[in-house]
Each structure stands twice: as structure tokens, then as C-alpha cells.
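Below: the structure, in C-alpha cells.
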Amino acid sequence: MPDADVVIVGLGAAGGVVARELTTNGLSVVGIEAGPMPGPHDQDELRNVIDARLSNTVHDTPESYKQYGQSSEEATEGKFNLYGRCVGGSSVHYCGVMWRLLPEHFNMRSEFGDLDGANVADWPIDYEDLKPYYERAESEIGISGPDGGQPTHPDSWSYPMDPVPETRSGELFRQGAEQLGLRPFTSPQAVLTESYDGRPPCTYCGHCCFYGCYEQAQGAKSNSLVAMIPEARDSGNFEIRDECLAKTVLVDSDGRVSGVRYVDKSDGTEQTVTADAVVVSGNAIETPRLLLNSASEQYPDGLANSSGQVGRNLMFHMDYTQIFAKFENPTKQNRGTWSNKAVDDFILPNRIDEDVDFITGSNLQLASVNAPILYGGNWKQLYAGGKTPPGTPTWGEGFLEEMSDFENIVWVWAPVEDVPRERNRVQPDPNNTDEWGIPGVEVTYENHPQDFRAQEYVVERCKEIFEAAGATEVWSAGTGTHHRGSSHLMGTCRMGRDPDESVVDSFGRTHDVENLFVVDGSPFVTSAGYNPTETIYALAFRTAEEIRTEWV
Amino acid sequence: MTEHTHLDRRTFVRLASAGTVAAVAGCGSSEEPTEQADEAPTDQEGGPQTDSSGGSSKPEYTFFDDEQAATVQRLVDRLLPAGEDWPAASEIGVVRYIDRALTREPFYETAHDDRRFQDAYDSGLAKLDETAQSMFDSPVRELDAGQVDELITGVFERSAPGWENVPTASALTMTVPAEAFLTVLRDHAVEGYYSQPKYGGNEDLAGWKQAGYTGPFIEGYRPDELKPPWDSMEDHEQRKRRPADLYGEGGESDA
């Protein structure tokens, strides 16, 4: 008798959904989570953003990064990829901006053709396949947004709650966009605007992205931790083994997976949990790391890797892309949620009125700098450096003069869609192991030239919006540079119909091993210019349904 | 050797700190007069002391000795100097913030642990003194404002003697070599100016006021507070509660 019907490795956005769906339908589940169960959070920028980086424990996987043509010896060690390690995973600290992909996003190759130097492909599913699971994510996770949904989406829908109220920065961004004939709208967000499902509404406290929701408003930010894990625990079928780091997925003599070998971090001992099926939901770095570290006699190139695609096609979004404006009067842009308004008119080339020399695009979303310390810059900070205009002194009177304008700025962030490339990959690095001897990761990544063209285009359009809104100063940051990491991790176990060219099918079942599933950002075929988590939730609902109805 | 000077400086620092404590206590529920008494100069009762941690009173700094504290004060007050509408760094506890940051337990297992910069501070401050000696024939703490600015500029630009080959911090890898000492000090100063007062800086929320920032409230912000007209920080404070530990465990004063 195995210990459980299913073992889930990683209890983040996807793992939490799968745990709840399986346990409330009578399956027994053991969840292995590398981080702890998070305690209460607060609104402290030093604790959450500067020193701890992501409110909960940022991961401790050793990383190195290199560009094409560089040897492992030339790789740079550092912290590049930002994901949380705790029950709830990165959904605890995320910005919570939620999108349904457009129909074209599932068919990028058919819509926009092949591209030299890229590995663009269609997803094996269409928007219509995922639509019922987007609906479930919106109602069961708890997402607020505008009636009608996303204005450039051919489908139209409603959210279970009104969108967040307009802020001054949102008003400025909306007015600028409207003047240019664009269609600004309120960002759909995993933020409660009314009491919902026993959880309190948002207080618009301004400490949202990179923070867990603070104690007195806990639950107002919808995520896997508050919307999924409690029901799983209440089912009586769920055991959480937190602070346990998966080392390998075990394989039996028939080539099926039989459980997981893990390190119990509390005492450093190695333990085994057995199950009839294994769901790997680390993220697009940790999932391929685990599969490739699980190489065995049966699977010498790594588990589920007969295609050679595990770890490849890594996508980040152009996560560094930032556009700023300063206004004569205060905007108090730090108040409210992370994103108040968005513009989708540059999300894909066929939404753009002119000929462009790229095949992707980006959502433009208002963001917020939570606190002055984050404006001033700190080497410890996410994609560090400050957010002040280029040329601002880093110290002295000139620096403090700029800091006194902190409340007059507006910040927009653009998750520019990067195209998949086979050479962009994550590989285990046996020469750079963690404290339990598990190989860390070596990431090889370069942006395709088209990514930079798309980035430059959307940055210029955003600057025009700010100018139309009456900004006194406009600047950008993070452009023109190859990405080394991200908080949006996608693509490294791509889904597809052909086992020679993909790792999993559309349900996340690996082509090679019928009782092994992958669900997180890894199955994404292309990255889309939208925050990925609503799609991760939707895929997780769909994978869980497949497991409990078809696999069992 | 220079015991006399040493003592004077320590006394000065303690006097400054006593004023500091009073200022903090005065900004909220001023209920801890005994703290002030503890912090008052005590050189009369204990006789001359050469070791800053050897007195019966609570030492102002845990990590810095008096000369180091004076050096850091001189530096942070040029990194973040007083303006017409705002105080200089050391006036709102930034030196104390840095001293505590260098001895603070990390928030989480995988959070940054600034205790690893202790050696960088010890050697970096000594090295800056050497550079100041070679440039101006004086230690940092005795330089005038223009000289400190020249020193800082020379170090940041890698033109000051001895600093030509010091590596720089990398924002992309989110790492900083300990030798990039002044970068660490600058970032620590900004942390001290703008982080919650419970960590030792941002006294009286003066850093937040400098940036026009009203800070966190348990009640957050109502929809009508997301747009102008803007209420003042005092208006918000009158009708809302601050996070209980904003000023530290004991309430308003954590000095």
C-alpha cells in the first residue's frame, strides 16, 4: 500500500489547486513543500521587500547564469529567479494581476508564422478548452475585475466582484490612454473588493506586491494559501510536509513513478513517501531541476525527458521593463493595489494599427512603488537599482531632492512576451549544490532580437500615454538587456501532442510516464504578454479534473 | 593614547543620543522618562572609561566603537545631508540603524544577513580613514563637509587612492562584494532614513515625511483617500491606527 493516492511536490498556485481538488473529491494526498507554512505578514518594507526580498522565504537554490557560447566556468553566480518558498508559494507575495490569454496566444505559430532562432509552437489546446477553468479560477480563487473582461479579448465575461476603485495614478493613466484613443480598463486582480468566501475585502493599504497580505486583512489577496489550502486541510485527506525538499522522483521496475525521495530540512534526514501518482508543481526552474535530478537507469537523460525538451524553452517575460512618469502634483501612487489600470492595445501585433517587426507584444499595467525605500534603490532589491530617473545622484542633496518627489510618480510595468528558444534552458549544476547536496541550476538565456523590438515599441507607446496625461518627466528602465531571471517562469516542460517535441500532454501528464503529471508555468508553450498565474490556476483545475476523473 | 579625546567623543555621542531619545518620546505617548535617564551621560559616576561597552549605562552602539560611530555619522550626514525641509541622516537615528543592522538576526533563514558586513565595516572605515589621511591629513571624522564629499566622490568614482580596483555591487546578480563598502554604507543609510522606526532610524517618521509618504495603517486607505484632495499624515493618524510594532515592541520609543 502506498502512503497516499497522490504526492504533490510544491504547494504553490498550482499545487494548492490540485491538492484541494483531489482531497475534496476523496483522494488522499501528501504535499511536499520546500518552505514553511507562512506565519502572519505585515506592512514592513524592510522585512518583506529589502531584506527578505519576497515577504516569505525566497528560495535558496544555488543559481548561475550564462549567455550563449559561455562555458559553465564563465557562468555568473547570483540570485536571478525570484520565487517564494512556503505553502502558497509565490502566490503569497504575487502582485495578483489576473488575465485570460487571448485565443491567438494558444496558436502563436499558426497566427504569426515561424521565426528564425525561436521555437514558436501552438499549444495543444485552445482558449475554449481552458475557458471553463478560467471561470473556475475567477470564482473559486476570488478575482475582481471589470464587467466585460479584457477589452481586446473576443470573449466577454464578468467577474464575481466589482473591480478595485480608481486611484489618482489610475486616473492619470486612463486619461492619457483615452486621449490617444486607447482602451484603458481596470486591471483584473486576485484582490477581494467585498467580503467573499469568508475572507475580508482589501483595505487598499498599498503593501501588496512582494508582501503577504498583512495580518488584519489576511485573505483579501486571493491566492492558493487562503483560497485552496484550507479546504484541502479540512477534507481530512491532506497531509502537508512543509520544509521538506524533494530530491528525486522514484521510479519502479515498470518505469512508473512510485513516490518521492526528499530531505526533511528540520533534521537533514532523507525520507521517502510513496504514492500511485506524482504531481510536480515546483515552477519552471524547480520542476525541470527535479526531473533532471531524477535520472535513473530507466531514464538516464532525466525523468520524462525522452524528447530532450525538459529544461528547454525557458521563458521569463521581459520582466525588467519599467516605464515611469513624474507629475506636477502628488499621485500617492503607493496606495491601493499593485495595479489599478491597464492598457491591452499592444498585446499582439494584430491588435496594433501599424506594421510592426515583432510577433509578440505586451500588456501595459500600472504598478506601484510601495514605499520610498524602494524608490531610492538598494543592491538587495528586486532587479535592484533605484527607480529614479536616469542621472539622478545616488547620494547627497540631489538624491534627497529626487526622493522628495516620491509621491509624484507613476510606474507602469510591461511583461513583454519573450519567444521560446530551445537554447534557453535550465540544467542541474552538480558543481553548485545546495546544503543537502542537491545540484543547483545553471540557466542559459538570451532574448531573441524580436523581444527587444517588441519591448522598445511598447515602452515608446507607454511614454506617449504618460505625455498625453501631462507628465513633466518620463523615463524607462530595464530595457535593452538580456534577461537573467524573472518571477514569471515558464516553458521548461512544454505541452504538446508530439512526444518527440514536447514533455507533457495538455493535461500535464508526461508523455513518457503515465502516472507523472506536471502543472505550473512549465507546460506553457509560449509566454503571452500577461502575468501567468490565472492561466496556471486554470491549467491546475484542468489537470486535477483529469487526475480525479480519468486517471484514478 | 588618545583617551582624552575618546572620552569627550563618547560623551558627545551620548548627549546627542539623550536628545534623540527625548525627541522620539516626545512624538507620541511620552511615557518612558526612565529611558532618558538611562541614556544620560554617566562619566561622573564611573570615572573615565576607555571601553564604550564597559560602562554601567546602556551603550549607544553595539557594533561601532566611538570613533567608528563618529566616522559613520560624518559620512551618512553627507550621503543624506540636511535640506531646508528635512533633517540629516544622523539626526533621525541612521547611525543607530546601521549599528543594529550589522547585528540584527536575519528575518528568515534565506533573508539577507547583514551581519556578514561587519568585517567590511571594520576594514572599510579604517581604509577610508587612511584615504582621508592621505588626501587631507585628517581622519574622516574631522573632515569638513566639502572634504567628505570629495572623499565619497573619489571612492564611488574609483579615483581615490587605494580604491581604484575595488569591485562594484551588481544589481543584476543581486550580490555585493564586501569591498564595495561605501555602496553598502549608502544603501544602509537609505534603509535607515526610510524604514520603519522600530529598526532605529526614521525617527518621528521624518524620513517618510521627507518623501511625502504617509506610511502604513491597519485600516489602509478608503477609496476616497486614493484620490485628491489629500489629507495630511496627521489627519490620517488621528483617525487610524498604525501597525502596533511600528516603533518597536515597546510602543513609540525603542531607543
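The values are calculated or read from the model by the stated rules, or taken from the named source; none is laboratory data. For clarity, every value in this text was computed on a predicted model and none was experimentally measured. Methodologically, a virtual Cβ is constructed for each residue, glycine included, from the backbone with ideal geometry; neighbour enumeration extends over all protein chains shown. SASA here: full protein model, heavy atoms, side chains in, ligands and nucleic acids out. Shrake-Rupley method; radii C 1.70, N 1.55, O 1.52, S 1.80 Å.
Data table
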read-out: Student exercise, chain A dipole from Lys, Arg, Asp, Glu Cβ charges, in Debye to nearest 20; value: 760 debye
read-out: Sum of -39500 (n - 2.57) over DSSP H runs of 4+, divided by residues of the protein assembly as shown (222 nm, nearest 500); value: -8000 deg cm²/dmol
read-out: Neighbour net charge for A:ASP116 - beta-carbon separation under 15 angstrom, K R +1, D E -1; value: -1
read-out: Orientation-averaged projected area, Cα convex hull of the range B:101-237 (nm²); value: 11.6 nm²
read-out: Karplus-derived 3J(HN,Hα), 6.51/-1.76/1.60, for each residue of the range A:328-340, Hz, glycine and proline x; value: 5, 10, x, 10, 6, 5, 6, 7, x, 8, 4, 10, 8
read-out: Principal-axis tilt of helix A:449-468 within chain A, Cα atoms, nearest 10 degrees; value: 40 degrees
read-out: Straight-distance crosslink candidates among lysines, where the alpha carbon sits under 29 Å from A:LYS131 and sequence neighbours closer than 8 are dropped; value: A:LYS221, A:LYS341
read-out: Highest-first arrangement of A:505-517, A:465-477, B:111-123, A:90-102, where packing means the average Cβ count within 10 Å; value: A:90-102, A:505-517, A:465-477, B:111-123
read-out: For the range B:78-83, Karplus couplings with θ = phi - 60° (6.51, -1.76, 1.60), whole Hz, Gly/Pro x; value: 9, 5, 10, x, 5, x
read-out: Nonlocal amide H pairs with A:LEU250, under 5 Å, H built at 1.01 Å; value: A:SER258, A:GLY259, A:VAL260, A:ARG261
read-out: Furthest towards positive pole of dipole, A:GLY113, A:PRO300, A:PRO38, structure part the protein assembly as shown, Cβ charges; value: A:GLY113
read-out: Where B:SER138, A:SER522 fall by accessible area, highest first, once all protein chains stay in place (1.4 Å); value: B:SER138, A:SER522
read-out: Simple Cβ-charge dipole of the range A:347-465, Lys/Arg +1 and Asp/Glu -1, about Cα centre, in debye nearest 20; value: 180 debye
read-out: Formal net charge of residues neighbouring A:LEU366 (Cβ-Cβ distance under 10 Å; K, R +1; D, E -1); value: +2
read-out: Of B:VAL94, B:SER123, B:PHE107, farthest towards positive along the dipole that unit charges on Lys, Arg, Asp, Glu beta carbons give the range B:83-127; value: B:SER123
read-out: Pairs of Cα atoms farther than 14 Å apart, the range B:193-255, %; value: 58 percent
read-out: Accessible-area composition of the range A:98-250, carbon plus sulfur, in percent [1.4 Å probe]; value: 40 percent
read-out: Average other protein chain Cβ within 10 Å of Cβ, residues A:400-411; value: 4
read-out: Protein heavy-atom accessible area occluded, A/B pair - total, 1.4 Å probe, Å²; value: 5300 Å²
read-out: Computed accessible area, A:CYS208, all protein chains, 1.4 angstrom probe, square angstrom; value: 20 Å²
read-out: Residue-averaged beta-carbon neighbours from other chains (10 angstrom radius) around A:41-50; value: 6
read-out: Summed side-chain charge close to B:GLU179 - residues other than B:GLU179 whose Cβ falls under 11 Å, Lys, Arg +1, Asp, Glu -1; value: 0
read-out: The range A:289-381, accessible surface, carbon-and-sulfur percent (1.4 angstrom probe); value: 38 percent
read-out: Amide proton proximity set for A:GLY440, modelled H, under 5 Å, gap of 5+; value: A:ASP429, A:ASN432, A:THR433, A:ASP434
read-out: Where only C-alpha atoms are counted, convex hull volume of the range A:178-303 per residue in Å³; value: 201 Å³
read-out: Where only C-alpha atoms are counted, convex hull volume of the range A:70-173 per residue in Å³; value: 223 Å³
read-out: Lys/Arg +1, Asp/Glu -1 at C-beta; the protein assembly as shown dipole; positive extreme among A:PRO393, A:PRO62, A:ASN283; value: A:ASN283
read-out: Probe 1.4 Å, accessible area per residue of the range A:246-346, Å²; value: 28 Å²
read-out: Solution diffusion estimate, µm²/s, Stokes-Einstein, the range A:435-552, Kirkwood Rh from C-alpha pairs, 4 °C, viscosity 1.567 mPa s; value: 74 µm²/s
read-out: Cα-derived Rg over Rh, computed across the range B:104-168 with Rh taken as Kirkwood radius; value: 1.10
read-out: Debye equation applied to the C-alpha atoms of chain A, log10 I(q)/I(0) at 0.05, 0.08, 0.13 Å⁻¹; value: -0.18, -0.47, -1.34
read-out: Where GluC sites (Glu not before Pro) fall in DSSP loop in the range A:119-154, at most 10 other Cβ within 10 Å; value: none
read-out: Calculated from backbone phi, Karplus (6.51, -1.76, 1.60) coupling profile of the range A:349-359 in Hz, x at Gly/Pro; value: x, 7, 9, 9, 6, 10, 6, 10, 9, 8, 10
read-out: Reachable lysines, given that their alpha-carbon falls under 18 Å from the alpha-carbon of A:LYS387 and they are not under 8 places away in the same chain; value: A:LYS326, A:LYS332, A:LYS463
read-out: Other protein chain Cβ atoms within 10 Å, averaged over every residue that makes up A:327-336; value: 4
read-out: P(r) histogram, all alpha-carbon pairs of the range A:1-112 included - 5 Å bins from 0, percent; value: 2, 10, 13, 14, 13, 15, 16, 11, 5, 1, 0
